[in-house]
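The structure appears below as structure tokens.
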Amino acid sequence: MNPFAVLHKYYDPASELYRLLVIHSLLVAKKALDLAAAYEVRHPEEAVDREFIAEAALLHDLGIFRCRKPEIFCAGGEPYVSHGLIGREILEAEGLPRHALVCERHTGAGITEEEVLRKRLPLPARDYLPVAIEEKVICLADKFYSKSPDRLFREKPLEEIRASLARWGPEVTGRFEELRRLFLPGA
Ligand SMILES: [Fe+2]
């Protein structure tokens, strides 16, 4: 499948939002593929679907156009935290259920049902945790890049990612470290 064909159904390729989304998504794809390649060297017995990682990384933030975040040109009405769920709904309707799960499971270090309820997040109460190895590596790679126009190309150091996740609580940082250990065991 061609992820750009899907993106172009929902985004104007001449828009500022599309530019941010595609640069961000390509950087996340590159990072995810690098992490996956190193993982495969350590785990030669495990199959990792690199073609799928490249496609799904390009689509992981597809839902942002329906959300409200003016600083990154998102002019929709939904809360930003819903962008993963929105992406899932769109990709399921597009006949891409496996890519759809990457959208739904990439936010933060995943979100648990307990957190949805306790933090009163505007999401149906269930788990949104990365399960497949491809879902996990995209979730982790995404944390290295911002969509802020002034920091788009900059890879965040681990310490900066940790500091920004800390405000969401120890469960979130704990899950991040689990992902980090899986793909960056020495870091
Ligand atoms: Fe992202």
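Observations on the structure shown:
- In the set (1) more than 20 Å from residue 152 (Cβ to Cβ); (2) surrounded by fewer than 17 Cβ atoms within 10 Å (Cβ to Cβ), residue 75 fails one condition alone, (1).
- Yes/no for residue 166 being small (Gly, Ala, Ser) and within 20 Å of residue 52 (Cβ to Cβ): no
Listed here are the residues, each with its yes/no results for (1) among the charged types (D, E, K, R); (2) away from the ligand (no atom under 15 Å from the Cβ); (3) surrounded by 20 or more Cβ atoms within 10 Å (Cβ to Cβ).
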| residue | (1), (2), (3) |
| --- | --- |
| 22 | no, no, no |
| 28 | no, no, yes |
| 31 | yes, no, yes |
| 35 | no, no, yes |
| 45 | yes, yes, no |
| 54 | no, no, no |
| 58 | no, no, yes |
| 63 | no, no, yes |
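- Filter pass, residue 94 being in contact with a Ser or Thr (Cβ under 9 Å, 6 or more places away or on another chain), surrounded by fewer than 21 Cβ atoms within 10 Å (Cβ to Cβ) and in contact (Cβ under 8 Å) with a residue 60 or more places away in the chain: no
- Residue match in region 146-164 (condition: crowded, with 22+ Cβ neighbours inside 10 Å and either farther than 18 Å from residue 79 by Cβ or free of Cβ contacts under 8 Å to residues at least 24 places away in the same chain (or both)): no
- Where helices (runs of 4 or more DSSP H) fall wholly inside region 45-150, the ranges with 2 or more residues that are within 20 Å of residue 2 (Cα to Cα) and either at pLDDT 95 or above or out of contact with any strand residue (DSSP E or B) (no Cβ under 7 Å at 6 or more places or on another chain) (or both) are 50-59, 83-93, 97-104, 133-142.
- Boolean, residue 101 is away from the ligand (no atom under 14 Å from the Cβ), surrounded by 19 or more Cβ atoms within 10 Å (Cβ to Cβ) and farther than 18 Å from residue 142 by Cα: no
- The lone criterion from (1) out of contact with any Cys (no Cβ under 9 Å at 6 or more places or on another chain); (2) within 16 Å of the ligand (Cβ to nearest atom) left unmet by residue 109 is number (1).
- Each residue in region 165-176 was checked for being surrounded by 14 or more Cβ atoms within 10 Å (Cβ to Cβ) and assigned to a helix (DSSP H, G or I), and 6 pass.
- Failed condition for residue 18, given (1) surrounded by fewer than 17 Cβ atoms within 10 Å (Cβ to Cβ); (2) without any contact (Cβ under 8 Å) to a residue 12 or more places away in the chain: (1)
The values are calculated or read from the model by the stated rules, or taken from the named source; none is laboratory data. Note that the coordinates shown come from a computational prediction; the quantities given were computed from them, not determined experimentally. Glycine gets a Cβ as well: all are built from the backbone with ideal geometry, and neighbour counts include every protein chain shown.
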